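Scroll down for the structure; my scribbles are underneath it.
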Amino acid sequence: MNSKKSLYKPLCLCIVILMIGLNVSAQKSKHYLKKIKNQADFSVLQSNPAVAKYSNVQSVKVVYDFKKKRLYYINGNKYEFHHNFCYEVLKDKRSLPSFNRKNYNDKDRRFGLVNINYFKEKNIYSLEYNVSDDISFDNINFIYSKIKQTFYDSIGIVLNNNKRLSWKDDFTKKSIPIYLPVDLFGSQKLQIVNKGKANGELVFITKKEQLFNQNLTGKILVLKIDILEVPNCSGIITKLFQTPLSHISLLSKNRGIPVVAYPKVFSDDNIKMLEGKFCCLNVKDDAYTLRNCKKEKSSIQNRKRIIISSNLEEKRLKKITRLNLKDKLAYGTKVVNLAELGRVSDRKYNTPEGGFGIPFYYYKQHLSNNKIYKKITKFLADTSWVKDRKRLKKKLKKIRNAITHSPFDSLLMSNILTKIDTSKTGIKYRFRSSSNAEDLNGFNGAGLYTSKTGIIDNDDKSIEEAIKKVWASVWTLRAFEERQIFNIDQESVLMGVLVHRSFPNDYMNGVGITKNLYRDYNAGFVLNQQIGEHRVVDNQEHLPEQLISYYNSKADFFNQKDAVEYIATSELNNNKPILTSKEVFVLTKELERIKRHFYKKLKGKSYRKFALDIEYKYADDLTGKKKLYIKQVRLLSKD
């Protein structure tokens with residue numbers, strides 16, 4: 001008898017496991033479900049969201065058929081888009097363009113199309129409509145009520161475009177939970193900044209001083225602070241979320257090192273116990289692993305030495321209007337790119353007035369006449385600083401001081417003052433770095449150098465001091481170290497200066513990337529912007545507004561709609577959009593115009609992948625009228 005019982009229990013267990021397996025298999029084979037009763041149902045249908053703007057999110061597509069009055073939770077493993085399901089299962093045989101015109105328009109739609117996104121770490125479910133869907137408030141409310149009746153958990157609505165953000169109070173009155181983009185951005189427990197693998201000793205950095213009192217080469221850093229001078233490390237785990245244009249984001253992509261943002265890193269005992277140990281870091285699409293591993297030899301290969309060619313014969317201070325891209329070897333990329341911005345046909349933006357370029361010749365002259373090159377040669381020959389960052393920082397400061405404290409050429413100063421037309425553009429000017437060590441093949445150089453403001457007849461902010469500080473920025477720690485990593489010959493680096501009138505007050509400023517960073521898709525430029533003069537790339541105080549504008553497309557589907565998708569809003573602007581839809585529309589069209597121009601000039605290959613990094617602002621022109629200004633453009637990726 002006991003023998004029979006002992007056989008009976010395993011047999012029952014096997015049958016139960018088999019039944020569960022068959023049920024899961026049957027669920028996976030289904031085209032849709034009418035209800036989602038639990039997390040297991042959701043998991044069977046889930047797929048990756050079309051736009052990967054947040055980390056570790058899963059999505060289920062939903063269709064409501066107004067004609068048949070039925071709701072469908074779609075199996076995303078079988079149907080990549082809503083259209084596929086409606087075409088094959090619901091027998092709506094419209095082409096994709098025809099389907100989109102009809103069903104993202106509330107005048108005569110048959111289907112309501114929405115996604116349920118699941119934020120696993122916070123256990124949040126959110127309803128998100130395509131930003132170009134003209135669905136009305138009443139229809140959102142109606143579909144929400146249908147989903148609420150058939151979905152097992154609480155769910156809220158994402159206010160992801162200008163129109164929906166304006167309905168915030170209306171949803172609240174209906175007692176419908178809402179999520180602002182900034183809520184979802186902040187709800188992430190993990191943010192993948194740059195994928196990759198690394199190994200090295202795990203070092204915790206809680207204070208800036210720790211960056212300089214130890215050799216961090218080849219180590220994995222755990223950062224509690226935001227830093228501008230990113231040392232030559234093998235990988236980073238940072239406590240702070242990053243924007244696509246933060247210093248850590250840009251430098252990690254340039255160097256090819258893995259970076260992940262994990263806000264709870266300093267309270268995670270599993271990570272704390274690895275401090276000081278040799279570890280392996282692997283950052284993937286939506287997760288990362290960190291483990292103690294066997295110490296290995298570094299696989300880093302020495303980069304080929306780069307000696308930068310330049311033109312040191314050119315001595316003229318040239319107006320921007322007289323410069324061309326071919327003048328890059330004498331004036332630097334920033335100067336000639338601003339000149340090229342003025343040649344974009346049918347442009348509706350302004351470029352900074354009063355612009356001219358100071359060539360490399362005068363940087364070289366200043367350092368030669370004041371015997372600073374001798375100091376540089378001696379410094380580079382003494383390799384005691386190679387593994388002593390604190391010592392390196394002190395030596396670089398001595399070089400900068402030598403540049404800023406040496407006398408300025410009086411003839412050059414006279415020529416600069418002649419070039420500045422105070423009657424038209426005032427007495428306050430901006431002096432911006434334009435080095436030859438930027439926008440090289442494989443070396444971006446963004447954010448490495450300094451720009452300064454100079455004022456005529458002002459001893460505290462003199463023009464000559466502004467120019468000397470720009471020249472000296474060649475020898476900042478972050479610039480020098482970044483060039484060392486890429487094996488750029490330090491003595492071949494030169495600095496030109498872009499000069500233009502200063503802007504006393506900015507309404508806002510931003511940086512646009514002319515490709516979709518979150519989806520392999522033709523439409524979509526990524527914009528990061530902030531009110532006033534607050535820095536877009538600075539994560540220390542307030543994260544900027546982040547959005548995707550789809551107005552670069554020629555399709556009416558985007559151009560006649562509110563095609564702006566917010567990823568995060570700015571606390572400094574009370575989480576309200578900084579620009580109106582019309583202003584974003586105009587801005588995006590101008591960025592697209594610039595992209596087309598430079599794509600031809602720089603002979604890009606894939607237009608979709610060709611990306612520019614463009615800095616812009618809304619500011620008063622010389623008549624006091626608010627205008628869009630494009631102040632800088634640089635190549636981010638050519639193909």
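Output yes when any residue across region 112-128 is surrounded by 19 or more Cβ atoms within 10 Å (Cβ to Cβ) and not in a strand (DSSP E or B), and no when none is. Checked region 112-128: no residue is surrounded by 19 or more Cβ atoms within 10 Å (Cβ to Cβ) and not in a strand (DSSP E or B). How many residues does region 195-217 hold that are under 25 Å from Ala446 (Cβ atoms) and open to solvent by 30 Å² or more (accessible area, probe 1.4 Å)? So the count comes out to 4.
Just one of the listed residues (Gly276, Gly256) is over 21 Å from the mean Cα position of the chain (by Cα) and open to solvent by 20 Å² or more (accessible area, probe 1.4 Å), namely Gly276. Going through region 305-354 one residue at a time, which ones are polar (S, T, N, Q), outside any helix (DSSP H, G or I), modelled with pLDDT of 95 or more and closer than 23 Å to Tyr618 by Cα? The answer is Asn350, Thr351.
In region 378-403, the qualifying residues are those that are polar (S, T, N, Q) and modelled with pLDDT under 95, and the one that is least open to solvent (accessible area, probe 1.4 Å) is Ser384.
Within region 479-529, the set of residues being over 25 Å from the mean Cα position of the chain (by Cα) and among the charged types (D, E, K, R) comprises Asp489, Glu491, Arg501. Among the residues here, Arg400 does not qualify as touching a His at 6+ places or on another chain (Cβ under 7 Å) and either outside any loop (DSSP other than H, G, I, E, B) or closer than 25 Å to Glu353 by Cβ (or both). Using the structure shown, decide if Leu543 is at pLDDT below 90, under 19 Å from the mean Cα position of the chain (by Cα), buried (at least 23 other Cβ atoms within 10 Å of the Cβ) and not in a helix (DSSP H, G or I). Judged against the criteria, Leu543 is a match. So, in region 425-458, of the ones that are over 26 Å from the mean Cα position of the chain (by Cα), surrounded by fewer than 20 Cβ atoms within 10 Å (Cβ to Cβ) and of a type outside the set (Ser, Thr, Tyr), which residue ends up farthest from Ser249 (Cα to Cα)? Only one residue tops the list, namely Asp457. Return yes when Asp639 is within 15 Å of the chain's Cα centre (by Cα) and either outside any loop (DSSP other than H, G, I, E, B) or more than 28 Å from Asn100 (Cβ to Cβ) (or both) and no when it is not. No: the conditions fail for Asp639. Residue-level analysis places Lys364 among those that are within 16 Å of Glu313 (Cβ to Cβ) and open to solvent by 10 Å² or more (accessible area, probe 1.4 Å). Taking the criterion of being part of a loop (DSSP other than H, G, I, E, B) and in contact with a strand residue (DSSP E or B) (Cβ under 6 Å, 6 or more places away or on another chain), the residues of region 488-516 that qualify are Ser502, Phe503, Thr514, Lys515.
Under the condition of being touching a helix residue (DSSP H, G or I) at 6+ places or on another chain (Cβ under 8 Å) and assigned to a strand (DSSP E or B), which residue from region 38-64 is surrounded by the fewest Cβ atoms within 10 Å (Cβ to Cβ)?
As a first pass, look at region 38-64 and keep what is touching a helix residue (DSSP H, G or I) at 6+ places or on another chain (Cβ under 8 Å): 40-41, 44, 54, 56-58, 60-64.
With assigned to a strand (DSSP E or B) added as a condition, the list becomes 57-58, 60-64.
Details: Val57: 23, Gln58: 18, Val60: 26, Lys61: 25, Val62: 25, Val63: 25, Tyr64: 20.
The selected residue is Gln58.
Among the residues of region 502-540, those that are more than 21 Å from Leu572 (Cβ to Cβ), open to solvent by 10 Å² or more (accessible area, probe 1.4 Å) and in contact with a Ser or Thr (Cβ under 8 Å, 6 or more places away or on another chain) comprise Ser502, Lys515, Asn522.
Working only within region 548-580, note down all residues that are among the small types (Gly, Ala, Ser) and not in a loop (DSSP other than H, G, I, E, B).
Ser549, Ala568 - these are the residues of region 548-580 that are among the small types (Gly, Ala, Ser) and not in a loop (DSSP other than H, G, I, E, B).
Residues being open to solvent by 10 Å² or more (accessible area, probe 1.4 Å) and among the aliphatic types (A, V, I, L, M): count how many of those fall in region 485-501. Residues in region 485-501 being open to solvent by 10 Å² or more (accessible area, probe 1.4 Å) and among the aliphatic types (A, V, I, L, M): 1 in total.
Here Ile399 fulfils each of the conditions (1) under 31 Å from the mean Cα position of the chain (by Cα); (2) touching a residue at least 24 places away in the same chain (Cβ under 8 Å) apart from (1). Looking only at region 451-473, how many residues end up being of a type in the set (S, T, N, Q) and in a helix (DSSP H, G or I)? Qualifying residue count for the region: 1. Residue-level check: of (1) farther than 23 Å from Ser136 by Cα; (2) at pLDDT 95 or above, Asn77 misses just (2). The number of residues in region 600-633 being open to solvent by less than 70 Å² (accessible area, probe 1.4 Å) and in a strand (DSSP E or B) comes to 17.
Kindly evaluate Lys163 against the criterion of being open to solvent by 30 Å² or more (accessible area, probe 1.4 Å), of a type in the set (D, E, K, R) and more than 31 Å from the chain's Cα centre (by Cα). The answer is no for Lys163. The number of residues in region 88-106 that are in contact (Cβ under 8 Å) with a residue 24 or more places away in the chain and outside any helix (DSSP H, G or I) comes to 5. Scanning region 65-87 for residues that are in contact (Cβ under 8 Å) with a residue 40 or more places away in the chain and among the acidic types (Asp, Glu) gives a single hit, Asp65.
Selection of first residues in region 329-354 that are without any contact (Cβ under 8 Å) to a residue 60 or more places away in the chain and open to solvent by 10 Å² or more (accessible area, probe 1.4 Å) and of second residues that are hydrophobic (A, V, I, L, M, F, W, C) and in a helix (DSSP H, G or I), restricted to Cβ pairs under 8 Å at least 6 apart or on distinct chains, gives the following pairs, ordered by first then second residue: Gly342/Ile320. Any residue at all in region 229-242 that is under 30 Å from Trp167 (Cβ atoms) and touching a residue at least 40 places away in the same chain (Cβ under 8 Å)? Yes, some residue in region 229-242 is under 30 Å from Trp167 (Cβ atoms) and touching a residue at least 40 places away in the same chain (Cβ under 8 Å).
Within region 218-228, the set of residues being of a type in the set (D, E, K, R) and either buried (at least 19 other Cβ atoms within 10 Å of the Cβ) or not in a loop (DSSP other than H, G, I, E, B) (or both) comprises Lys219 only. Filter region 65-82 down to the residues that are surrounded by 21 or more Cβ atoms within 10 Å (Cβ to Cβ) and within 11 Å of Leu113 (Cβ to Cβ) and list them by number. Of everything in region 65-82, those that are surrounded by 21 or more Cβ atoms within 10 Å (Cβ to Cβ) and within 11 Å of Leu113 (Cβ to Cβ) turn out to be Tyr72, Ile74, His82. Going residue by residue through region 581-595, is there one that turns out to be assigned to a strand (DSSP E or B) and either open to solvent by less than 20 Å² (accessible area, probe 1.4 Å) or over 30 Å from Arg101 (Cα atoms) (or both)? Checking region 581-595: not a single residue is assigned to a strand (DSSP E or B) and either open to solvent by less than 20 Å² (accessible area, probe 1.4 Å) or over 30 Å from Arg101 (Cα atoms) (or both).
The values are calculated or read from the model by the stated rules, or taken from the named source; none is laboratory data. Note that this is a predicted model, so its numbers are computed, not measured. In this analysis, Cβ positions are derived from the backbone assuming ideal geometry, glycine residues included, and neighbour counts consider all displayed protein chains. We work out accessible area using only protein heavy atoms, side chains counted, and drop any ligands, DNA or RNA first. Shrake-Rupley method; radii C 1.70, N 1.55, O 1.52, S 1.80 Å.
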